[in-house]
1. Considering only the stretch 215-246, how many residues are farther than 21 Å from residue 398 by Cβ, in contact with a strand residue (DSSP E or B) (Cβ under 7 Å, 6 or more places away or on another chain) and not in a helix (DSSP H, G or I)?
2. Evaluate the stretch 220-238: report whether one residue or more is under 20 Å from residue 124 (Cβ atoms), in contact (Cβ under 8 Å) with a residue 60 or more places away in the chain and not assigned by TED's automatic domain parsing to the domain that holds residue 442.
3. Name the residue, out of 104, 168, that is within 30 Å of residue 350 (Cα to Cα), touching a helix residue (DSSP H, G or I) at 6+ places or on another chain (Cβ under 9 Å), assigned by TED's automatic domain parsing to the domain that holds residue 37 and without any contact (Cβ under 8 Å) to a residue 60 or more places away in the chain.
4. Collect the residues in the stretch 131-160 that are in contact with a helix residue (DSSP H, G or I) (Cβ under 7 Å, 6 or more places away or on another chain) and either modelled with pLDDT under 95 or not in a helix (DSSP H, G or I) (or both), keeping them in residue-number order.
5. Hey, among 380, 334, which residue is surrounded by 14 or more Cβ atoms within 10 Å (Cβ to Cβ) and closer than 29 Å to residue 29 by Cβ?
6. Any chance the stretch 282-294 includes a residue that's modelled with pLDDT under 95, surrounded by 15 or more Cβ atoms within 10 Å (Cβ to Cβ) and either within 30 Å of residue 185 (Cα to Cα) or out of contact with any helix residue (DSSP H, G or I) (no Cβ under 6 Å at 6 or more places or on another chain) (or both)?
7. Among the residues of the stretch 83-100, which ones are modelled with pLDDT under 90 and either assigned to a strand (DSSP E or B) or farther than 20 Å from residue 72 by Cα (or both)?
8. Given the criteria farther than 17 Å from residue 317 by Cβ, in contact with a helix residue (DSSP H, G or I) (Cβ under 9 Å, 6 or more places away or on another chain) and without any contact (Cβ under 8 Å) to a residue 60 or more places away in the chain, does residue 418 qualify?
C-alpha cells in the first residue's frame with residue numbers, strides 16, 4: 001500500500017510539504033545542539049522552496065525574542081492520547097524563509113521551568129508530554145493541509161511517536177504517509193515502563209521486540225527507527241558506529257536490520273549568525289582573509305577571565321556539557337601537565353558537580369592559568385571560539401558536534417577524538433601540504449589527548465603553517481546548504497516530488513560513495 005501511495009505522488013503541482021516534529025527549536029527553546037539543528041535545517045529547506053512547518057512545545061522557558069509575535073489559533077486542537085483527549089492551544093510564528101512554527105500550548109504539561117527537567121531532575125511525565133507533542137503534530141498537519149504532509153520528519157525520541165502514531169493509525173492516509181526519523185543522539189532513547197503504553201495510545205500489537213519493546217520496556221526512540229521509511233543520523237561515521245555493539249546502545253540489532261535505509265548526513269551551522277566578521281559579542285571583527293582581529297579577541301578573553309596573557313602561551317578553549325560523553329574528565333586529568341607546558345585554559349561548561357569541583361580546584365591552584373565559567377552557551381561561548389588558539393573536544397562519542405564547527409568558523413584549531421561527526425568535519429592536518437583543519441586522535445585516553453595537544457602546540461610554533469590552518473578552517477563550507485539538499489533528495493525520493501537542482505542522496509550505511 002505504501003508503494004502505491006508514493007506512486008500516486010509522482011508530480012506535485014506545489015512546494016513539497018514537510019512537517020518537522022521536535023522538542024527544541026533555537027532560538028525559542030534549546031538545551032543543546034538539537035534546537036540549532038532544527039532551526040538551521042528548516043530554514044535551509046525553506047530557502048530551496050520546501051514548505052516547512054515546525055511543531056514544538058511552548059515551554060515555560062520558551063523565549064519569543066527575535067521572532068514575530070505569535071498569533072493564537074482561533075480554536076484549540078483536540079488531541080487524542082490513549083483513552084483521553086487533550087485541549088491544546090496553538091500559537092503560530094515564523095522563522096526566516098517563511099518557515100512556520102506552531103507552538104503547542106498545554107500549560108499543565110509544558111509550562112514548566114525547563115524543557116526536560118528542573119532542579120529536581122527529569123519530569124516524571126516526560127512520556128506523556130512528548131506523546132502529546134507527537135499526537136498534536138499530526139493534528140496540526142490536518143488543520144493546515146487537511147491531511148498528512150508529503151513527508152513527516154520527526155527528531156529524537158521526543159518526536160518518535162509521531163512516526164509510530166501515523167503508521168499505526170486507523171486512517172489510511174496516515175498509515176500511508178511517508179516519514180523520516182532522525183537520531184541525534186542514540187544514548188537518549190525515551191525508555192519507560194511497558195505499563196505506560198495504554199495511557200500513551202500505543203496499541204498492544206506494537207509491544208514486541210520488532211516494534212516499541214526493548215529490554216522489557218517501552219522504547220520510544222525504537223518506534224521511530226522501526227516505523228520510519230528512512231532513518232537518518234547526523235554524520236556518516238556515526239551512522240556506521242551505531243550499528244556496532246559498542247556504540248549501538250542496545251539498538252544495534254534493530255539498526256543493522258534497517259541499514260539499507262539508514263543514512264548519515266552531517267549537520268551544518270548557521271553561518272550568518274556564527275560569523276566573526278559581524279559578531280558583536282566579540283572584541284574585534286575579522287574574516288579568513290584578515291584574521292588579525294583574533295589577537296584582540298584573545299587578549300580580551302584573557303582579561304575577562306583573569307588569565308595571565310603569558311606572552312606566546314597557547315590558550316585552550318572548551319565549551320561543553322560536563323557529561324561522560326564529552327570526555328572533559330580526561331582534560332581535567334592533564335591540567336597539571338598542560339600548565340607545566342605553559343598553556344592557559346578557558347573552560348565554559350556545566351553539568352557534573354564532581355567535575356565542576358575538580359575544575360574549580362584547578363582554578364584555585366592556578367588562578368592565572370585556568371579559568372572556569374559554569375554556564376551554558378552564548379555569549380561567552382562566542383568569545384571562547386574567537387579568542388582560543390585551540391578548541392578541545394575529547395568526546396568519547398559524538399554524533400556530529402557543533403562546537404568544532406563553530407571553532408573552525410572563528411579560527412580556533414580543534415583538537416578532537418576521531419569519532420562520529422568529529423572525524424567527518426575535521427580534516428587531519430598534514431604539515432607537508434599545509435592541508436587540514438585540526439588534530440584528531442584515536443587513543444581516547446588522557447595521554448592520547450595530551451599527545452594531540454602537544455602536536456598542535458608544535459604546529460603553532462610554525463607561524464606560516466598555523467596561519468594556513470586558521471584560514472583552512474575559516475574557509476570550510478559549514479553551511480546548511482549541502483546537507484539540506486541531501487535531505488531534500490531523500491524527501492523527493494520518498495514523496496515523488498518534481499526534480500530540483502540538488503545533490504544526490506548520501507549512500508546508505510555500508511555503501512561507499514562514488
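1. Residues in the stretch 215-246 being farther than 21 Å from residue 398 by Cβ, in contact with a strand residue (DSSP E or B) (Cβ under 7 Å, 6 or more places away or on another chain) and not in a helix (DSSP H, G or I): 6 in total.
2. Yes - at least one qualifying residue is present in the stretch 220-238.
3. So the residue among 104, 168 that is within 30 Å of residue 350 (Cα to Cα), touching a helix residue (DSSP H, G or I) at 6+ places or on another chain (Cβ under 9 Å), assigned by TED's automatic domain parsing to the domain that holds residue 37 and without any contact (Cβ under 8 Å) to a residue 60 or more places away in the chain is 104.
4. Filtering the stretch 131-160 down to residues in contact with a helix residue (DSSP H, G or I) (Cβ under 7 Å, 6 or more places away or on another chain) leaves 131-135, 137-138, 147-152, 154-160.
147, 148, 149, 150, 151, 152, 154, 155, listed by residue number.
5. 380
6. No.
7. Result: 83, 84, 97.
8. Yes: the conditions hold for residue 418.
The values are calculated or read from the model by the stated rules, or taken from the named source; none is laboratory data. This structure is a prediction, so every number in the text was calculated from the model and none was measured. Ideal geometry is used to build each Cβ from the backbone, glycine not excepted, and the neighbour counts take in all protein chains shown.
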